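The values are calculated or read from the model by the stated rules, or taken from the named source; none is laboratory data. This is a predicted model, so every value here is computed, not measured. All Cβ positions, glycine included, derive from the backbone under ideal geometry; neighbour counts span all protein chains shown.
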Amino acid sequence: MVKCRVLDLGLVSYEKAYYLQKRLHKFRREGGIDDVLILLEHEPVVTMGRGGKRDNILVSDEFLQSKGIRVFEIDRGGDVTLHCPGQLVGYPIIDLKFHGKNIHKYLRNLEEVIIRSLKVYGIYAQRIENHIGVWVGEKKVASIGIGIKGWVTFHGFSLNINSDLSYFSLIRPCGFESRTVTSVSEILGRVVEPKDFRHRLIGQFGKVFNLEMEKNGKQVSTLDSKEIVSCSL
Amino acid sequence: MKEIILPDMGEEVKEATISFWHHEEGDKVTKGEDLVEITTEKASFQVETPVSGILSKISAGEGEVVKSGQVLGIIEE
């Protein structure tokens, strides 16, 4: 079974996480490391994928600046999205040569990981035809947008656990109205322990992708995630 | 002469759009480097340079909708 190292990093700035992804992507492509699943949270930040339209950011650049919210145009598919504390962000750096070279299947598998994790909490989430992402009723709980280079993935998914949903009024997420966004805590009517959720999600990720998940193991010797995260840009 | 072909990206990914070329016609290109980026609804995908040489022709320009198996350009080795 292929191994997957989990890097559970807590709150990390968007730039540092991006840099970390690029470093790990390079290592993975060169075959120096196993698959990696990065889990973290970001301070409020807006990102625009290749299909991003400025119109889907509903406030001025000056307003965003006054709130300390930066906008990044990035190399993933999809439109505008927003990250904020309380939202679980996952960046799988996995080699699709070992998981079937099939982009759509990979996207569907990411949805499946999230759907199964939510099910553990009694939440019945679903896919909507032609719209990648995970929905509960009419509301979107998780967004997905990825990049692939040399068949190794980067970027990934974001799932609202205890996110402050008012942030989403700043954008039209993936081109939808912001009121269509929800979170696990809103659905359940209680705050969920993020660590427990991450634990469940890691388990489901291993099952869906048939990977042996290794959390903070010693097996990856060529990198020290803390060192990479703490290095300056 | 080597054709640059959009690889099979798996079932259901039948159409994609050229987001941009990393090089222009006439540029020297090196095997393994990123050559052209394709986007589907939720994924960006880098097509790598298949052989080193000169990018002699770009057959599918930016914004063009392309399909798996389609010739995107030609490299003269």
* Name the one entry in A:Ile57, A:Ile94 that is more than 13 Å from the chain's Cα centre (by Cα) and modelled with pLDDT of 95 or more. => A:Ile94
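Scan B:Ser52, B:Ser68 and give me the residue that is within 12 Å of chain A (Cβ to nearest Cβ) and surrounded by 14 or more Cβ atoms within 10 Å (Cβ to Cβ). Spell out the reasoning first.
On the way: B:Ser52 fails: within 12 Å of chain A (Cβ to nearest Cβ).
None of the other options fit; the residue is B:Ser68.
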* To do: Report yes if some residue within the stretch A:126-141 is modelled with pLDDT under 95, among the aliphatic types (A, V, I, L, M) and within 24 Å of B:Ser68 (Cβ to Cβ); otherwise report no.
  => yes
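Out of A:His42, A:His25, I need the residue that is within 14 Å of the chain's Cα centre (by Cα) and modelled with pLDDT of 90 or more. Which one? Spell out how you get there, then give the answer.
Numbers: A:His25 fails: within 14 Å of the chain's Cα centre (by Cα).
Within the list A:His42, A:His25, the selection yields A:His42.
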* Asked: Any residue in the stretch A:181-194 that is within 14 Å of another protein chain (Cβ to nearest Cβ), charged (D, E, K, R) and surrounded by fewer than 23 Cβ atoms within 10 Å (Cβ to Cβ)?
  -> no
* **Top-ranked residue of the stretch A:140-160 - restricted to ones that are in contact (Cβ under 8 Å) with a residue 60 or more places away in the chain, more than 7 Å from chain B (Cβ to nearest Cβ) and among the β-branched types (Val, Ile, Thr), ranked as farthest from A:Glu112 (Cα to Cα)** => A:Val152
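For the stretch A:132-152, which positions are over 30 Å from A:Lys26 (Cα atoms) and touching a helix residue (DSSP H, G or I) at 6+ places or on another chain (Cβ under 8 Å)?
Here is the first cut: in the stretch A:132-152, the residues over 30 Å from A:Lys26 (Cα atoms) are A:135-141.
Scanning the stretch A:132-152 gives A:Val136, A:Glu138, A:Lys139, A:Lys140, A:Val141.
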* Evaluation of A:His104 against (1) in contact with a Gly (Cβ under 7 Å, 6 or more places away or on another chain); (2) buried (at least 24 other Cβ atoms within 10 Å of the Cβ) (one fails), failing number -> (2)
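For every residue, the table says whether it meets (1) closer than 27 Å to A:Asn109 by Cβ; (2) touching a Gly at 6+ places or on another chain (Cβ under 9 Å).
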{"position": "A:Asp8", "(1), (2)": "yes, no"}
{"position": "A:Ile33", "(1), (2)": "yes, no"}
{"position": "A:Leu37", "(1), (2)": "yes, yes"}
{"position": "A:Glu43", "(1), (2)": "no, yes"}
{"position": "A:Arg50", "(1), (2)": "yes, yes"}
{"position": "A:Ile57", "(1), (2)": "no, no"}
{"position": "A:Ile74", "(1), (2)": "yes, yes"}
* Asked: Just a yes or no: is a residue in the stretch A:71-78 more than 14 Å from chain B (Cβ to nearest Cβ), within 14 Å of the chain's Cα centre (by Cα), in contact (Cβ under 8 Å) with a residue 40 or more places away in the chain and surrounded by 24 or more Cβ atoms within 10 Å (Cβ to Cβ)?
  -> no
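Anything in the stretch A:91-121 that is among the β-branched types (Val, Ile, Thr) and part of a helix (DSSP H, G or I)? List them, or say none. If you could, list the steps in order and put the result at the bottom.
We begin by selecting, within the stretch A:91-121, every residue among the β-branched types (Val, Ile, Thr); these are A:93-94, A:103, A:113-115, A:120.
A:Ile103, A:Val113, A:Ile114, A:Ile115, A:Val120 - these are the residues of the stretch A:91-121 that are among the β-branched types (Val, Ile, Thr) and part of a helix (DSSP H, G or I).
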